[in-house]
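The values are calculated or read from the model by the stated rules, or taken from the named source; none is laboratory data. Bear in mind the structure is a predicted one, so any value in this text is a computation, not a measurement. Glycine gets a Cβ as well: all are built from the backbone with ideal geometry, and neighbour counts include every protein chain shown. Note: accessible area is taken over every heavy atom of the protein model, side chains too, but ligands, DNA and RNA are not part of it. Shrake-Rupley method; radii C 1.70, N 1.55, O 1.52, S 1.80 Å.
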Amino acid sequence: MDTSTIGLLYAGVTLLLLFSGMPIAFALGLSALVFMAGFMPPPMMQSVAETLFSELNNFTLLTIPLFVLMGAAIGKSRAGADVYSSLNAWLYRIPGGLGLANVFACAVFAAMCGSSPATCSAIGSSGIPQLVRRGYSEGLATGLIAAGGTLGILIPPSLTLILYGLAAEQSIGKLFMAGVGPGLMLVLLFAIWVVFKYSLERRQALSAGDEHAILEAEHFSWRDRMKSLPRFLPFLALIAAIMIAMYGGWATPSEVAGIGAAGALLMVVTLYKCWHRKDMDAILTGTIRESTMIMMIIATSFLFTFVMSYLGVTQEAAQWLVELGLGKWAFFLGVNVFIVMLGFFLPPVAIILMITPIILPSLNALGIDLIWFGIVMTILMEMGLIHPPVGLNLFVINGIAPDIPLSRIVWGTLPFIGLMVVGIVLLCLFPDIALWLPNHF
Amino acid sequence: MSIPAEPAVVTPATAVRTVWRGFAWLVRQFNILTGYLSAVIIVITAGVVCYGVIMRYYFASPLDWGLELSIFMLIVSTFMSAGYTQLQRGHVTIEIMDHILSARANRVRYLVGDLLSLLFCAFVAWNAWTYFHEAYSEGWVTESIWAPKMWIPYLFMAIGMSALSLQLLVQTVEALPVLRGMFAKKVN
Amino acid sequence: ADAPRVIKLSHQFPASTGDGGDFRDQLARKFAAEVEKRSNGSLKVEIYPGSSLMKTKSQFGALRKGTLDMSVLPLAYGGGEVPEVTLTLMPALVQSYEQGLRWKTAPIGAELNRILESKGIKIITWVWQAGGIASRGNPIVNPADAKGLKIRGGDKTMDQMIQGAEGGAINLPSSEIYSAMSTGVLDAAMTSSTSLISYRLYEVSKSVTTARDKSFWFMFEPLLISMSAWETLTPAQQKIMTDVGTSLEPFAMAGAKADDKRLAEVYEKAGVKVVDMNQAAFDKWVKVAKASAYKRFAEDVPNGKRLLDMASAVK
Ligand code: NA
Ligand code: NA
C-alpha cells in the first residue's frame with residue numbers, strides 16, 4: 001500500500017474511533033496502535049509505553065498541570081467570582097465589556113505562559129462561568145476563551161516559536177518580537193467580534209421579550225467601583241510576581257507556572273479563607289480531572305504523531321507539495337491549506353518538527369521571510385487548536401465546563417477561526433504588523 | 001481482560017455478585033484515593049518548583065533534583081489519576097453523534113467505545129509493566145547528578161494504567177445489557 | 001527489483017539545506033546517499049532530522065530495542081542505561097580531534113565497541129565534537145571564573161566538574177537555554193560549537209570561550225546502528241555500511257573543526273567577546289575534573305577506573 005493510501009486510511013480510522021464515543025485520548029492511542037500493528041515492524045509495539053512516557057518526560061509540559069491548578073484555585077473558589085464582579089462594576093456600561101476583559105486577560109496571560117491549553121484553562125476556569133452567568137451565550141463565552149487561549153503560543157514567550165526558531169535557524173528573540181504585533185492584532189479582531197456578537201445577542205434577547213440574564217439592569221456608582229478596587233490588588237500582585245519572576249531572571253517560563261500556582265493557592269487560602277475541606281475538594285478534584293484529561297490527550301496524540309511520522313505520511317505529503325514547483329503565493333497558499341489540514345489531527349509541535357525541514361528550502365528559494373512565515377504558521381497552528389476533530393483547546397474548555405456540549409463550543413469558536421484567517425490576510429498585506437518590531441530593535 | 005459472561009455453574013450467582021461488587025468497590029475506592037493524592041502531588045510540585053527558584057536565585061545553590069523530581073511527580077500524578085478521571089467520565093469524548101443516533105444505538109456505541117478504550121489501556125498497562133521490569137532489572141537511572149531510578153515513574157505508570165483499565169472493565173461490565181440488573185450498581 | 005530495505009535514521013539536529021548547515025545532518029545525508037549508491041538501491045536510508053520521529057532521549061533506548069535503526073547521537077545520553085558511555089563526554093579526557101579518533105584503534109575503542117554491541121548498538125562513524133562556553137558576563141576560562149555562577153553543563157560529568165569549581169550546575173532542557181540566558185536565570189551554558197551557533201546564544205551572550213586552542217569539552221557523537229538492524233543486513237551490505245561510515249570520518253572532523261572557527265566568527269560579528277582557552281587554564285580544569293567527575297566515575301561505574309585509565313592511555 002502506498003503512503004498516501006495509508007495516510008487516508010489512518011485519518012479515516014481515527015475519525016471513526018473519535019466518533020465512536022471513545023474518549024479522545026484513547027481513540028488517538030488505539031488508532032496509532034492499530035496502524036503500528038498493521039504497518040510497522042513487530043518490535044514497535046513494545047515501544048508504546050515508552051513513547052507515551054517520553055512525551056510527558058518534559059519540563060515545559062509541567063506548565064499545564066500547574067496553570068490548571070492556578071486556574072482551578074481561582075475559578076473554583078470565591079476569588080474568581082469576586083474579581084469578575086469588580087470587573088463588571090467597571091465595565092458594565094461597555095457592551096460586551098466582560099467579554100473584552102476576558103480577551104485581554106488571555107493576552108496578559110499569554111505574555112506569562114508559552115502554552116495555549118494552559119492559557120485557556122487558567123482564564124477559562126473562572127471566565128466561562130462568569131460570562132455565562134451574566135447572559136453571554138455559551139458559544140460566545142467558550143469561543144472567546146478557546147480562541148483567546150491560543151494566543152499563548154503567539155504572544156511571547158512561546159514554546160512553538162522556540163521550536164520553529166531552532167528548526168528554521170531563525171532568531172528566537174526576533175520571532176518573539178514578531179509575535180507581539182500579530183498578537184495584538186488578533187486581540188483587536190477578537191475584541192471587535194465580541195462587542196458585535198454581544199450586542200447582537202442582547203438585541204435578540206430584547207426582541208424575544210423574555211427574561212434573560214443579559215438584560216438584567218445593573219448599576220454601579222463610582223463609589224461602588226472604588227470600593228471594589230482593593231479586590232483587584234491580590235490579582236495584580238500575583239500577575240506582578242509572575243512577570244517579575246520571568247523577566248527579572250528568577251525563573252524560566254516553565255517555572256513561572258509553579259510560582260503562579262503556588263501564589264494563587266496561597267491567595268485563595270489566606271485572603272479568601274478557602275481552607276475548608278469542601279473548598280479544597282473542589283479545587284483539587286477540578287485540577288486533577290482537567291489536568292489528567294489534557295495530559296493523556298497530549299501523550300496519546302504524540303503516539304499518534306509518532307506513527308504518522310514513522311509511516312512518512314506527513315513528510316511525503318509535504319514533499320509532494322514542494323515538488324509541485326508552485327510560485328510564491330501559490331506555494332504559500334498550498335502550505336497554509338496543508339497546515340490547516342494537519343491541524344485536524346496533529347498538535348503544533350508535531351507540525352513544526354515534521355514539515356519545517358521539508359518546506360524550508362522552498363520558502364527560502366521563493367524569498368519568503370522566515371520570521372514572518374513563522375508567525376503565519378503559528379496562527380495556522382492556533383487555528384488547529386480550536387478546530388475539530390482534534391483541537392486541544394476545545395477539549396480543555398469541555399473539561400472546564402463539562403455541561404456545555406462540545407458541538408456548542410465548536411460553533412462558538414468557528415467565527416474566531418474566521419478572524420484568524422482575516423489576521424493572516426492582513427499579515428500578507430501588511431507584513432510590518434509582524435516585522436516592524438524585530439526590524440527596528 | 002476477561003469479562004465474566006455467565007456465572008460459573010458451581011458458584012451461586014449471589015456469590016459472584018458479591019465478589020464482583022466487592023471488586024468494583026475496591027477499584028473505585030482505589031481510584032478515588034489515588035485521584036486525590038495525585039492532586040496533592042501537583043500542589044507539592046508547585047512547591048518544589050518555587051523552592052528550586054528560590055534556592056537558585058537567592059541562595060545561588062541550584063537544586064540538582066528539582067527539575068527531575070517535578071517531571072516525575074507530574075508523570076505520577078497524570079497516570080495515577082487517569083482511573084479517577086475515567087470514573088468521573090472526565091476524559092473528553094466527541095458527543096456530536098449523541099443527537100443523531102437513537103438512545104439505544106448510543107448505548108451500544110458507548111459500550112463499544114468503552115471496550116475499545118479498555119483494549120488500548122490494557123495494552124499500555126501491560127507494556128508499561130514490561131518497561132518497568134526492564135528498567136528495574138537493568139537498574140536504569142536518569143543521566144543527571146541526582147540520577148533517580150527510572151523504574152519509579154514506570155512503576156506508577158504501570159499501576160495507573162492498570163487501575164484505569166480495571167475502572168474501564170468495571171464500567172463496561174456494568175453497562176453490558178446481558179448483565180444489567182445482575183451487576184448493576186449505582187455509580188456515584 | 002526487490003523493494004529496498006528501508007533504514008530509519010533519526011537525529012535531533014536541524015536539517016541542513018544544500019551544502020550549508022549542520023554538519024551532523026550533512027553527515028547523515030552523505031551517508032544515506034553513498035550507501036544507497038553503493039548498494040545499488042538495495043538499501044535506502046530515510047532521515048528524520050530535528051527530532052521529527054522521536055524524542056532526543058528516546059533514541060538510545062530505541063536503538064537498543066531495534067525500534068530505531070540508526071542515529072547520530074551524543075553517546076553520553078545513554079549514560080542512564082549504560083553508565084560506561086558517560087566516559088565519552090568526560091571533561092578534558094579527550095584533548096584534540098586526532099586523539100579522539102585514535103580511540104577507535106586503541107584498546108578503549110575495542111572495549112567501547114564490546115560494551116555497546118553487548119547492549120545492542122554498533123558504531124558506524126566515529127565523530128568527536130568540541131564545544132565552548134557562552135556567558136552573559138565575563139568569559140569563563142579558568143575554573144575560578146565559574147565560581148558562584150549558574151551554568152548549564154548539559155551533562156552529568158560536566159555538572160560534576162562545575163560543582164567542583166564551586167559553580168551552580170543548572171539542569172535545564174535545551175529548549176529553555178535561550179530564554180534562561182536572556183533573562184539571567186542562567187549565567188552561562190556549555191555545549192558543542194555547532195549548538196552554540198544554532199541555539200543563537202550570541203544574541204544573549206557577552207562573551208564566549210571557544211575550542212580553537214584547548215577545550216575540556218569534547219563529545220563523542222557517533223553515527224550508530226542498532227544491532228538488530230545490523231544483523232538483518234547481508235555481509236555485503238554490512239561492509240558497505242562500515243566502509244561508508246569510515247570514509248565519512250574525515251568529513252565529520254573537518255565539519256567539527258570548521259564549526260569551532262565559525263563559532264568565533266559568528267559571535268565576534270554579533271559583538272560578543274571571543275576568547276580561547278590556553279594550556280595553563282586547561283590544566284586547572286583537568287585538576288578540577290579529576291577531583292570531581294573522574295572520581296565519581298571511578299567510584300560509581302563498574303570498571304570505571306580501568307576505563308578511565310584505558311582512555312587516558314590514548315595520546
Ligand atoms: Na505566550
Ligand atoms: Na484541530
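Here are some notes:
- Consider region A:99-108 and keep the residues that are open to solvent by 10 Å² or more (accessible area, probe 1.4 Å) and of a type outside the set (Val, Ile, Thr). The one that is nearest to ligand 2 (Cβ to nearest atom) is A:Ala107.
- Residues in region C:96-119 that are touching a strand residue (DSSP E or B) at 6+ places or on another chain (Cβ under 7 Å) and outside any helix (DSSP H, G or I): there are none.
- When residues of region A:28-44 are limited to those that are at the interface with chain B (Cβ under 8 Å from one of its Cβ atoms) and hydrophobic (A, V, I, L, M, F, W, C), the one farthest from the chain's Cα centre (by Cα): A:Leu33
- When the residues of region A:145-163 are filtered to those that are more than 14 Å from chain C (Cβ to nearest Cβ) and within 14 Å of ligand 2 (Cβ to nearest atom), the one that is nearest to A:Phe109 (Cα to Cα) is A:Gly149.
- Within region A:363-385, the set of residues being away from ligand 1 (no atom under 16 Å from the Cβ), modelled with pLDDT of 90 or more and part of a helix (DSSP H, G or I) comprises A:Leu363, A:Leu370, A:Ile371, A:Trp372, A:Phe373, A:Val376, A:Leu380, A:Met383, A:Gly384.
- When B:Thr130 is tested against (1) open to solvent by 50 Å² or more (accessible area, probe 1.4 Å); (2) under 15 Å from A:Leu30 (Cβ atoms), just one condition goes unmet, and that condition is (2).
- Within region C:175-202, the only residue that satisfies the criterion of being part of a helix (DSSP H, G or I), in contact (Cβ under 8 Å) with a residue 40 or more places away in the chain and within 7 Å of another protein chain (Cβ to nearest Cβ) is C:Ser198.
- Looking at A:Ile397, A:Ile379, A:Ile339, just one residue is β-branched (Val, Ile, Thr), buried (at least 21 other Cβ atoms within 10 Å of the Cβ), under 21 Å from B:Glu95 (Cβ atoms) and within 16 Å of ligand 2 (Cβ to nearest atom), and that residue is A:Ile397.
- Within region A:255-298, the set of residues being touching a Phe, Trp or Tyr at 6+ places or on another chain (Cβ under 8 Å), surrounded by fewer than 24 Cβ atoms within 10 Å (Cβ to Cβ) and under 21 Å from A:Phe395 (Cα atoms) comprises A:Leu284, A:Thr285.
- Single condition A:Ile162 does not satisfy, out of (1) assigned to a helix (DSSP H, G or I); (2) open to solvent by 10 Å² or more (accessible area, probe 1.4 Å); (3) closer than 22 Å to A:Arg231 by Cβ; (4) of a type outside the set (Lys, Arg): (3)
- Against the numbered list (1) of a type outside the set (Asp, Glu); (2) touching a residue at least 60 places away in the same chain (Cβ under 8 Å); (3) facing another protein chain (nearest Cβ under 7 Å), C:Pro74 comes up short only at (3).
- When C:Thr56, C:Thr86, C:Thr105 are screened for being crowded, with 23+ Cβ neighbours inside 10 Å and among the polar types (S, T, N, Q), only C:Thr86 passes.
- Some residue of region A:57-66 being outside any helix (DSSP H, G or I), open to solvent by 20 Å² or more (accessible area, probe 1.4 Å) and touching a residue at least 40 places away in the same chain (Cβ under 8 Å): no
- Every condition in (1) open to solvent by 20 Å² or more (accessible area, probe 1.4 Å); (2) more than 12 Å from ligand 1 (Cβ to nearest atom) holds for A:Val180 except the one numbered (2).
Okay, residues lined up against (1) away from ligand 2 (no atom under 16 Å from the Cβ); (2) over 21 Å from C:Gly50 (Cα atoms); (3) assigned to a loop (DSSP other than H, G, I, E, B):
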| residue | (1), (2), (3) |
| --- | --- |
| A:Met293 | yes, yes, no |
| A:Ile298 | no, no, no |
| A:Phe304 | no, no, no |
| A:Val307 | yes, no, no |
| A:Ala318 | yes, no, no |
| A:Gly334 | yes, yes, no |
| A:Phe345 | no, no, yes |
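- So A:Val390, is it within 16 Å of ligand 1 (Cβ to nearest atom), touching a residue at least 40 places away in the same chain (Cβ under 8 Å), surrounded by 24 or more Cβ atoms within 10 Å (Cβ to Cβ) and facing another protein chain (nearest Cβ under 10 Å): no
- Where helices (runs of 4 or more DSSP H) fall entirely within region C:203-296, those with at least 3 residues that are within 22 Å of the chain's Cα centre (by Cα) are at C:235-247, C:249-269, C:279-289.
- Selected residue (criterion: surrounded by the fewest Cβ atoms within 10 Å (Cβ to Cβ)) from residues of region B:133-152 that are aromatic (Phe, Trp, Tyr) and assigned to a helix (DSSP H, G or I): B:Tyr136
- If the condition is being more than 23 Å from the chain's Cα centre (by Cα) and either part of a helix (DSSP H, G or I) or of a type in the set (Lys, Arg) (or both), then region A:12-27 contributes A:Gly12, A:Val13, A:Leu16, A:Leu17.
- If the condition is being outside any loop (DSSP other than H, G, I, E, B) and closer than 17 Å to C:Leu196 by Cα, then region C:151-174 contributes C:Ile151, C:Arg152, C:Met158, C:Ser174.
- With respect to the conditions (1) part of a helix (DSSP H, G or I); (2) open to solvent by 30 Å² or more (accessible area, probe 1.4 Å); (3) of a type in the set (S, T, N, Q), B:Ser77 lacks only one, and its number is (2).
- Filtered residues of region A:124-154 (kept if open to solvent by 20 Å² or more (accessible area, probe 1.4 Å) and either within 16 Å of ligand 1 (Cβ to nearest atom) or farther than 22 Å from A:Gly286 by Cα (or both)): A:Arg134, A:Ser137
- Given (1) part of a helix (DSSP H, G or I); (2) away from ligand 1 (no atom under 16 Å from the Cβ); (3) out of contact with any strand residue (DSSP E or B) (no Cβ under 9 Å at 6 or more places or on another chain); (4) touching a residue at least 12 places away in the same chain (Cβ under 8 Å), number of the condition A:Met354 does not satisfy: (3)
- Inspection of region A:312-319 identifies at least one residue that is open to solvent by 20 Å² or more (accessible area, probe 1.4 Å) and more than 13 Å from every other protein chain (Cβ to nearest Cβ).
- Filtered by the rule that a residue be acidic (Asp, Glu) and in contact (Cβ under 8 Å) with a residue 24 or more places away in the chain, region C:205-253 gives C:Asp213, C:Glu221, C:Asp243, C:Glu249.
- In region C:9-35, residue farthest from C:Leu53 (Cα to Cα) [restricted to those that are touching a Pro at 6+ places or on another chain (Cβ under 8 Å) and among the charged types (D, E, K, R)]: C:Asp22
- Extreme residue, farthest from the chain's Cα centre (by Cα), among residues of region C:146-177 that are hydroxyl-bearing (Ser, Thr, Tyr) and open to solvent by 20 Å² or more (accessible area, probe 1.4 Å): C:Ser175
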